[in-house]
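Data first, discussion second: the structure below is written as structure tokens.
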């Protein structure tokens, strides 16, 4: 029994036996830690230096706008160049930006224009990093291990998402926001140094390079030509809008309750634990009809919205949050592995950039319109509407012919070059 359990454990974590993936995993883990430290340290640092919520809003906007604008640009360049080098450069820029911002806060010589400029640079670098990171995995593990590899990468994001804000808070309280941002910058520097050691198969350069805008259109054509890709991006966009509304309206509902802040915190913790469980499940469960399975599992997000809207008992709501976390992270692992299995290697980052755009661009819209919708439907009605939207899009999405037809056993896409485990 012990030997059998040991064999299952090795199978689940098999990607870590490949040296290229070990380096990718270590680098992206460092980057994820930095990304979870930054929001808390930045927010409290700017508020302490300026005392102005408007200044904080300006800084967050200065980061978000170029992130959205340059995602598609980042996707094109990640398909053109070495994805490892795109990520390395982005990490180096982010390290310099965070260390500069931390040093500025420590000096007390804070200028809003300088903060805005640093945030614009950081948002742009992140826009290049995301599409490149999605495409890199296909070059670091064999095709049959892509799902486990994506689950492991997502697992680090889940764990960091749960512990990072707490660690950032401890750093801000103990050493100050400036030093916390410098520590944040060092995590990006560590990632860049690790990526320097990563060797992946070199891309073959075409004899004649198409124009930038032609390659951008080719990426969009790849999205349109595969119904399951367009289907997935559409349903992810709906979920992001629904969860954006939940993040605005949910606290307002709990604020009216005794110990509402504590209850909301417990709910978010359960949601994060659920994402960990979902990623662990993805290490073992490998359905053949991946996107169909993803659409079905995503329905697990719906009970959370219903329980909050119905003011269900806390235990039931927390249980629904745990299940919702599984309904978020498990489909993500299936989605990314399917992209990498089914798409040609030279278009993955461009397609991924449209996915990232759908996920990030409309989230601010969800934040802004949720209060308006709540003024008409009420807070509970708005949350219920979000849950029903997720349910409806998943049912319709699961019925799409391209979703039914997609089966990883019959993929015609050739496997990525096998990664060495030396």
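Each reported figure results from applying straightforward, stated rules to the coordinates on display, with no laboratory input. Everything numeric here is computed off the predicted structure, so don't read it as measured data. Every residue, glycine as well, gets a Cβ built from its backbone with ideal geometry; the counts of neighbours run over all protein chains shown.
Between residue 371 and residue 225, what is the spin-label point distance in nm, taking each point 7 Å from the Cα along the Cα→C-beta axis?
4.5
How far apart, in nanometres, would the label points at residue 399 and residue 114 be if each is projected 7 angstrom from Cα along the Cα-to-Cβ direction?
Between residue 399 and residue 114, the simple spin-label model gives 5.9 nm.
Report relative contact order for region 14-200 in percent, whole number only (criteria: Cα-Cα under 8 Å, sequence separation at least 6).
Values: 267 pairs, mean separation 86.4, N = 187.
Contact order relative to length: 46 percent.
Give me the extension gain from residue 17 to residue 214: residue separation times 0.36 nm, minus the current Cα-Cα distance, reported in nm with one decimal.
Values: separation 197, 0.36 × 197 = 70.92 nm, distance 3.89 nm.
Computed gain between residue 17 and residue 214 is 67.0 nm.
Quick check for you: which residues of region 114-133 have the amide N under 20 Å from the point 7 Å beyond the Cα of residue 65 toward its beta carbon?
Of the residues in region 114-133, 114-128 have backbone N under 20 Å from the label point off residue 65.
Listed highest first by mean packing, meaning other Cβ atoms within 10 Å per residue, what order do 124-132, 162-170, 36-44 come in? Working shown, then result.
Working: 124-132: 25.6, 162-170: 16.1, 36-44: 22.0.
The most tightly packed comes first, giving 124-132, 36-44, 162-170.
Quote to one decimal, in nm, the extra length available between residue 407 and residue 310 on full extension: 0.36 nm per residue of separation minus the C-alpha distance between them.
On the way: separation 97, 0.36 × 97 = 34.92 nm, distance 3.84 nm.
Gain in length upon complete extension: 31.1 nm.
Contour minus end-to-end for residue 277 and residue 81, with contour as 0.36 nm per residue of separation and end-to-end as the Cα-Cα distance? Each step should come with its number before you reach the end.
Numbers: separation 196, 0.36 × 196 = 70.56 nm, distance 3.52 nm.
Gain on stretching residue 277 to residue 81: 67.0 nm.
Can you order the peptides 212-222, 136-146 by their average number of other Cβ atoms within 10 Å per residue, highest first? Provide the component values of the computation, followed by the final result.
Working: 212-222: 14.5, 136-146: 23.4.
Order by mean packing, descending: 136-146, 212-222.
Using only the Cα atoms of the chain, build the gyration tensor, take square roots of its eigenvalues as a ≥ b ≥ c, and label the shape rounded, prolate or oblate: rounded if a/c is under 1.5, else prolate if a/b is larger than b/c, else oblate. Present the calculation step by step, with values, prior to reporting the outcome.
Details: a/c = 1.44, a/b = 1.09, b/c = 1.31.
Cα axes put the chain in the rounded bin.
When the chain is treated as a GNM, springs tying every alpha-carbon pair under 10 Å, which of 259, 79, 332 comes out with the largest mean-square fluctuation?
259
With the contact rule set at Cα under 8 Å and sequence spacing of 6 or more, what percent relative contact order holds for region 215-410? Write down the numbers at each step before the final one.
On the way: 263 pairs, mean separation 79.7, N = 196.
So the answer I get is 41 percent.
Give me the distance in nm between label points sitting 7 Å out from Cα along the Cα-to-Cβ direction at residue 186 and residue 163, one decimal.
In this crude spin-label approximation the distance works out to 1.7 nm.
Which order do peptides 47-57, 382-392 fall in by mean Cβ count within 10 Å, highest first?
Values: 47-57: 13.5, 382-392: 20.6.
Averaged packing, sorted descending, gives the order 382-392, 47-57.
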